[in-house]
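A.B. asks: Sharing a structure, written as structure tokens. Questions coming.
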Amino acid sequence: MHFFLRSILALVVLASAVMAQKPESAAVPQLASTQAASTSPITLTPDASGTVPQEQIRELLRRVAEKDLENEKRLRDYTYIERQEEHRLDGHGQVKKVESRTSEILQIYGEQVERLTAKDDKPLSDNEAKKEDEKIQKIIDKRKNESESDRRKRLEKEEKQKEEDRQFVREVADAFAFRLLDSEILDGRDTWVLAADPRPGYEPKHREAKIMMKFKGRMWIDKAELQWVKLDLSAIDDISFGWVIARVHKGAHVLVEQVRVNDEVWLPKRVQFHLDAKLALLKNYHGDVEQTFRDYKKFRTDTKITVVGERRE
């Protein structure tokens, strides 16, 4: 089930797709100074027809993309608590089972690592806690004893994956048309509300991008910070993952929210899913899932990691 949920969560890449929107034509003039463009004010001014020109929206999204890349880098400087609660529903939409998992997200040698701390809001048993500690210890030992060659290969592999993700995002960005809907106060902050719809007639170049063509959504962008604050995505058609892995039915819904942390970065606050799906052509799944993120703490490079069996000073 976790693989399936991660696949659905990948649909949130629409956020990056919106933020990485590319010009429709190479004839769109390039800004002379990227640094100056990154600091100049952004305004969305309707033309005579009452519509905000696409050039203005594209510039806004480019700036938001730059901000989001900064957020991604700074997230690596934080530890935090993640809680996932799943409500499994019967065929009539009634809750038949509720499960939750709480984890501490750690930073170990530059890598994010999850340590499970509670199930159904109850602490782990001694045996379960020991297994989690042993898992963390194994990761620490692996990274501590990693050769320079292995480290370089690992980083190169990670960078290659990031570049593939960026290419996918750029492909998805071409698949959507965006328009300004309104302004709205969200959590006390003034935001623009943008709509994203599949671009009629667009032919995706990558197989993965075809999935996103079956979604539409809205995006809230903080006017002062030029950060996306909220995403609301809905499936407008059934979505298949492979031939027999899974089929997500029309109406699947994803909601994502971010929060400002330490007056320096915007990080995940909440992710919600509503799914009606068929797994492996046999098992139907109906459920609501909510992930919340809290207790962000900046990770100091001089923080001492206490490993299993090590005496705490």
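Readers should treat all values here as calculations from the given coordinates under stated rules, not as data from a laboratory. This one's a predicted model, so the numbers in the text were calculated from it and none came from an experiment. Here the Cβ positions follow ideal geometry from the backbone for every residue, glycine too, while neighbour counts run over all protein chains shown.
A.B. asks: Mind counting the residues in the stretch 207-239 that are more than 16 Å from the chain's Cα centre (by Cα), more than 26 Å from Asp276 (Cβ to Cβ) and either assigned to a loop (DSSP other than H, G, I, E, B) or free of Cβ contacts under 8 Å to residues at least 24 places away in the same chain (or both)?
C.D. replies: 4
A.B. asks: I'd like the residue in the stretch 57-77 that is crowded, with 17+ Cβ neighbours inside 10 Å and under 16 Å from the mean Cα position of the chain (by Cα) and, out of all such residues, is farthest from Pro46 (Cα to Cα).
C.D. replies: Leu75
A.B. asks: Kindly indicate whether any position in the stretch 85-106 is in a loop (DSSP other than H, G, I, E, B) and surrounded by 13 or more Cβ atoms within 10 Å (Cβ to Cβ).
C.D. replies: There is no residue in the stretch 85-106 that is in a loop (DSSP other than H, G, I, E, B) and surrounded by 13 or more Cβ atoms within 10 Å (Cβ to Cβ).
A.B. asks: In contact with a strand residue (DSSP E or B) (Cβ under 9 Å, 6 or more places away or on another chain), without any contact (Cβ under 8 Å) to a residue 60 or more places away in the chain, acidic (Asp, Glu) and over 26 Å from Lys283 (Cβ atoms): is that true of Asp121 in this structure?
C.D. replies: So Asp121 passes the test.
A.B. asks: Any idea which residue in the stretch 117-134 is nearest to the chain's Cα centre (by Cα), counting only those that are of a type in the set (Lys, Arg) and either closer than 13 Å to Arg101 by Cα or surrounded by 15 or more Cβ atoms within 10 Å (Cβ to Cβ) (or both)?
C.D. replies: Lys119
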